Amino acid sequence: MKAQDRQFVLCINNNGCEDLEIRKIYEVLPDESAAKDDYLRIIDESGEDYLYPASLFYPVEIEQNVRESLLHAA
């Protein structure tokens, strides 16, 4: 997947999900099935991807050069 196709979200609430950090940006992995149920597949602090309620996040637009830096840092 190309860097410009990656989606990122900001965690705005971690109620019941202590493995998420509020005010941290997370990468979203495509998962159409989860999206239908208002969930997002997020790579969390463990480095693994899990489903979380979409209501815990706010989508953010990130410029291409910053997006590439985030992806190389992971």
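Every residue in segment 26-56 that is in contact (Cβ under 8 Å) with a residue 40 or more places away in the chain and either in contact with a Gly (Cβ under 6 Å, 6 or more places away or on another chain) or closer than 12 Å to Gln7 by Cα (or both), please.
Selection gives Glu27 alone.
Can you name the strands (runs of 3 or more DSSP E) wholly within segment 1-56 that have at least 1 residues being acidic (Asp, Glu)?
Passing ranges, in order: 25-29, 49-53.
Among Glu21, Glu45, which is out of contact with any strand residue (DSSP E or B) (no Cβ under 9 Å at 6 or more places or on another chain), modelled with pLDDT under 95 and not hydrophobic (A, V, I, L, M, F, W, C)?
Going through Glu21, Glu45 in turn, just one is out of contact with any strand residue (DSSP E or B) (no Cβ under 9 Å at 6 or more places or on another chain), modelled with pLDDT under 95 and not hydrophobic (A, V, I, L, M, F, W, C): Glu45.
The values are calculated or read from the model by the stated rules, or taken from the named source; none is laboratory data. Since this is a predicted model, take the numbers as computed values, not measurements. Cβ atoms come from the backbone with ideal geometry, glycine included; neighbour counts cover every protein chain shown.
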